[in-house]
Amino acid sequence: MNWKIPLVDLDLGPEESAAVLNVLNNRWLSMAEITHEFELAFAEYNHVKHAIAVTNGTAAIHLACCALGIGRGDTVITPSLTSVATVNAICYTGALPVFSDIVSTSDLTVSPEAIESLINGHTKAIMVMHYGGYACDMKAILAIAQKYHLWVIEDAAHAVGGELEGRKLGTWGDAGCFSFFSNKNMTTGEGGMVVTNDDVLAQRIRLMRSHGMNTLDWDQYYTHPWDYDVIELGYNYRLDEIRSALGLVQLSKLDKNNERRRRLTLIYHALFAAVIPFIILPFSTHRGTTSAHLMSILIPDVVDRLWVLEQLKQKGIQGSHHFPPVHQFTAYQQIYSETKPHLPITENVSERQITLPLYPAMSEEDVHTVVKAVQEALGAG
């Protein structure tokens with residue numbers, strides 16, 4: 001369908017085309033110097049020692065978990081209001097996710113109080129997710145982690161460029177994991193990054209990213225093709241040069257585009273508050289500087305969300321839903337068949353949440369059009 005106002009629209013231009021063409025002309029496509037340049041640039045942007053480029057955000061979380069020694073017999077506390085990829089990556093290690101509730105209908109990030117109530121002798125780590133690009137209460141979560149000697153992993157897939165107290169989201173915990181999927185604030189189509197200030201952790205992630213080998217493929221190709229060792233079991237999670245070239249250009253646009261997202265979000269909030277005061281606008285107040293990845297609203301629970309989305313569709317406006325709670329998916333209901341998680345706020349929010357269009361090229365007139373369409377769908381005109 002050709003949407004009049006899509007949910008997402010990518011900021012891709014001649015700079016990205018030129019960067020990709022340059023890679024093709026160099027005639028080496030797998031991970032090499034451009035990927036290394038992307039890693040250095042991303043580390044510098046986030047004021048962190050190490051950035052390790054990987055195939056996608058799921059791989060980033062998987063590698064972070066593995067490198068921290070998370071495995072069978074361990075549990076990791078994580079929100080259920082997140083992408084299933086977050087939780088799947090925990091399960092890849094053999095560990096079990098333990099689902100925590102969120103703070104409230106106005107703050108859709110994971111609740112520190114709920115996290116602490118779930119800790120037991122099997123808990124190895126806390127996995128936070130900066131929902132929609134809005135910061136979790138990292139000070140409270142880190143205090144809990146320190147008290148119980150737990151690792152903290154940040155799923156910052158929504159939060160690239162976001163900050164809390166002047167510190168980039170993704171750099172507060174032991175490891176931060178980013179996604180560059182096509183709907184993210186900066187995109188390489190597929191791609192991800194792990195960031196950390198821990199030298200040992202970074203070294204292990206680099207090893208595990210490329211089959212556990214102590215040299216890279218392009219090192220072997222250009223220098224010593226027969227001389228390498230496999231240090232430990234690893235994976236093929238390397239990012240290629242084309243995506244890294246895209247990432248460098250996208251990173252250069254990130255701050256400008258995030259500022260535009262924040263501006264549009266403020267307009268949304270002001271308009272909704274004026275014309276539909278009975279809907280809830282999550283994160284009307286929030287911690288830090290958001291990356292403004294998602295524009296969320298919560299409609300009244302007596303309203304059929306699918307009907308509202310269909311009304312928007314009839315006007316050429318694409319809406320969505322973030323997220324169905326992971327604990328309600330069939331695969332996870334089977335895991336927790338005897339001990340169903342008690343997550344009343346998560347379940348209430350998930351039944352009412354709608355994601356509206358938000359992207360840098362969106363006009364203020366587009367925002368007015370979307371708000372009017374929601375107003376009409378809810379009969380608030």
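The numbers here are math on the coordinates, done by the rules we state, and not lab data. These numbers come from a predicted model, not from an experiment. We place every Cβ from the backbone using ideal geometry, glycine too, and count neighbours over all the protein chains shown.
Simple spin-label model, 7 Å along Cα-to-Cβ: residue 314 to residue 375 in nm?
In this crude spin-label approximation the distance works out to 1.8 nm.
Which of 250, 318, 146 moves most in a GNM of the chain, Cα contacts under 10 Å?
Among 250, 318, 146, the largest GNM mean-square fluctuation belongs to 146.
So which residue, out of 195, 20, 152, gets the largest mean-square fluctuation from a GNM of the chain using Cα contacts under 10 Å as springs?
20
Here are some values of Cα extents along the principal axes in Å: [x] 69, 54, 33; [y] 72, 54, 38; [z] 80, 47, 36. Which one was computed from this structure?
Identified label for the calculated read-out: [y].
Net charge around residue 165, counting only other residues with Cβ within less than 13 Å of its Cβ (Lys, Arg = +1; Asp, Glu = -1)?
Local net charge: +2.
Within the set 184/256; 147/340; 139/184; 139/168, which residue pairs have Cα atoms separated by over 19 Å?
Too far apart for the 19 Å limit: 147/340; 139/184.
When only Cα pairs under 8 Å and 6 or more residues apart are kept, what is the percent relative contact order across segment 14-250?
27
Please state the shape class of segment 254-377: rounded when a/c is under 1.5, otherwise prolate if a/b exceeds b/c and oblate if not, all from the C-alpha gyration tensor.
Prolate.
Report, ordered by chain and residue number, the lysines lying within cross-link reach of residue 372, taken as a straight Cα distance under 20 Å and ignoring same-chain residues fewer than 8 apart.
Here the lysines satisfying the reach criterion relative to residue 372 are 4, 313, 315.
Within the set of other residues whose C-beta is less than 13 Å from the C-beta of residue 105, count the net charge using Lys and Arg as +1 and Asp and Glu as -1.
Taking every Cβ under 13 Å from that of residue 105, the sum is -4.
How do 313, 168, 256 line up, fewest other C-beta atoms within 10 Å first?
Listed from fewest to most nearby Cβ atoms, that is 256, 313, 168.
Grab the DSSP H runs of the chain that are 4 residues or longer, score each as -39,500 (n - 2.57), total them, divide by all residues and round the 222 nm result to the nearest 500 deg cm²/dmol.
Only helices count here, giving -12500 deg cm²/dmol.
Not counting the cut sites, what is the longest span of the chain without GluC sites (Glu not before Pro) that DSSP labels loop and that have at most 12 other Cβ atoms within 10 Å?
Counting only loop sites that pass the neighbour cut-off, the longest clear stretch is 1-164.
Ranked highest first by the average count of other Cβ atoms within 10 Å around their residues, in what order do 203-211, 291-299 fall?
291-299, 203-211
Do any chymotrypsin sites (Phe, Trp or Tyr not before Pro) in segment 252-310 lie in a DSSP loop with no more than 12 other beta carbon atoms within 10 Å, and if so, which?
Filter output for segment 252-310: 278.
Along the charge dipole of segment 254-377, pointing to its positive end and built from +1/-1 on Cβ of Lys, Arg, Asp and Glu, which listed residue (290, 356, 331) has its Cα farthest out?
The one lying farthest along the dipole's positive direction is 290.
Each residue of segment 171-181 in turn: what ³J(HN,Hα) in whole Hz from Karplus with 6.51, -1.76, 1.60 and θ = phi - 60°, glycine and Pro shown as x?
Per residue, the Karplus-derived 3J(HN,Hα) values read 10, 7, x, 6, 8, x, 10, 10, 10, 10, 4 Hz.
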